[in-house]
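The values are calculated or read from the model by the stated rules, or taken from the named source; none is laboratory data. Keep in mind the model is a prediction, meaning the values are calculated, not measured. We place every Cβ from the backbone using ideal geometry, glycine too, and count neighbours over all the protein chains shown.
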Amino acid sequence: MMVEKVVRGYIVTPEENFLGEIGITNGKIVEVSKIQGHLDAETVDDFGQDYIFPGFIDTHVHCYSNPNEGIHRASMAAAKGGITLFIDMPYDLPTPVTNKDILKEKIDTISKEAVIDVALWGTVPKENGAAVVDELADGGVVGFKLSTFETDPYRFPRISDADILETMRKAADRDLIVAFHAENDELLTRYIEDAKRENRVESIYHNLTRPPVTETTAVIKLLDMASWAHAKLHIVHVSHAKSLEYINWFKAQGTNVTAETCYNYLLLTTEDLKKFGPKAKINPPLREPNELKELEEQLLSGGIDFITSDHAPWQKKDKSIGDDNIFKAKSGSPGLEIMIPLLFDYLIGEKKVTLSKFAELLALAPAQRFNLNNKGSIEQGKDADFTVIHNRGSWQIDENEFISISDVSPFHEHTVNNRIEATIVRGEMVYTHDHGVVENNRGQFVKPNY
């Protein structure tokens, strides 16, 4: 059979894994074969024994929380990190994605600058937010991101319960997901004010002022509201197993809900918050070692739907300002370039998760949840998106060598025992270990399939 391109290696599919080859024409997978040499093509990329995964998807990225990052730089960082599509959050500085004009401008930027594929979240304004649901849905967002905690009254506001419920109902009418940053604003605001007043500003107080109850109470409220609104609910960056117990109970009762955790919550604890200070400040906060163990048990038993980076590209100046007062530092850390290698060591190397389960957590499950029907698995007819991982050799993470504008990470000097060998988007090589990122703008804006 003659095809345009052939990719060879150890192929990971939903059903099985095998040494074989993939035929590609017009950016699509036209055949997956267990026999190497079965397909003819002018271009053959042979990766030997390296793993060929479906292109990984990160559904939680903040390109414009720091405007110095942007689509082009973030998408290059993602390509280096083995991500073939990310969904960018709507809380852009200075203007969040709350209407069709802002959305169109962002889509135009993706078309001009993206190295990989990008989908988009929309959000709603603080007042009368449900009014914008239809115009953003028509524009192609995958869903709506809202918050029960106020970071900024304009860019990242707390949404009232009445507007949450109405937005859930309108999004359900459009078959779109509503996702939430779930923290109890009233509780944690009180705890933070008390800590500041008493000058309790050491790093650990970022955790102590955001105890698990600040997450679980917000999660329970959203679950109940979603069940009444018949909404498609998604809870982002779950940090505690108790939240997952509630989520999975509601799921068993028929509520349409999924949950993600982030790589930081699986790899770091409060001990790292004490050690690294602002570098390890994220929202919700890192949890105690025993709580990480409980979260891990949920993941390994199927209680978590997928894993994301919550990539927040802060720079040293944004973090060091909190060296003497943790509340002054920005919250969040970068992840696009390092999440996949770190999780590969942790899940496959340490926890012996299967290759197919790894692909499900980081490609298939997010593609299915957000109706990205051409993504997520190596199957005939889907986009030829692949992440190639070389499972030999070691290297050290260096925060000063990130493509991302971010130059600060709690994983600085951490040793990783695998590497991204290549990243392929719709059959085109956008990154190789030997040559780096191909800066041609091959990425596209991707809408959900309905």
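List of remarks:
- Residue check, Asn371 on the phi > 0 side of the Ramachandran plot, among the polar types (S, T, N, Q) and either at pLDDT 95 or above or buried (at least 24 other Cβ atoms within 10 Å of the Cβ) (or both): yes
- Elements of type helices (runs of 4 or more DSSP H) contained in region 206-324, each with 2 or more residues being charged (D, E, K, R): 212-229, 241-252, 270-276, 289-300, 316-320
- Exactly one residue out of Phe250, Phe306 is surrounded by fewer than 21 Cβ atoms within 10 Å (Cβ to Cβ) and either assigned by TED's automatic domain parsing to the domain that holds Glu69 or modelled with pLDDT of 95 or more (or both): that is Phe250.
- Positions within region 390-420 being surrounded by 18 or more Cβ atoms within 10 Å (Cβ to Cβ) and of a type in the set (Gly, Ala, Ser), in sequence order: Ser404, Ser406, Ser409
- Top-ranked residue of region 263-293 - restricted to ones that are basic (Lys, Arg) and surrounded by fewer than 18 Cβ atoms within 10 Å (Cβ to Cβ), ranked as nearest to Thr217 (Cα to Cα): Lys293
- When residues in region 421-437 are screened for being of a type outside the set (A, V, I, L, M), more than 18 Å from Lys28 (Cα to Cα) and either surrounded by fewer than 20 Cβ atoms within 10 Å (Cβ to Cβ) or assigned by TED's automatic domain parsing to the domain that holds Leu85 (or both), 5 of them pass.
- Candidates Ile340, Ile389, Ile378, filtered to the one that is in contact with a strand residue (DSSP E or B) (Cβ under 9 Å, 6 or more places away or on another chain) and assigned to a loop (DSSP other than H, G, I, E, B): Ile378
- Residues of region 398-450 classified as touching a helix residue (DSSP H, G or I) at 6+ places or on another chain (Cβ under 8 Å) and among the polar types (S, T, N, Q), total: 8
- Residue check for Lys221: surrounded by fewer than 19 Cβ atoms within 10 Å (Cβ to Cβ), in contact with a strand residue (DSSP E or B) (Cβ under 7 Å, 6 or more places away or on another chain) and either at pLDDT below 95 or assigned by TED's automatic domain parsing to the domain that holds Trp121 (or both): no
- Residue in region 394-405 that is at pLDDT 95 or above, in the same structural domain as Asn17 (by TED's automatic domain parsing) and within 20 Å of Tyr51 (Cβ to Cβ) present: yes
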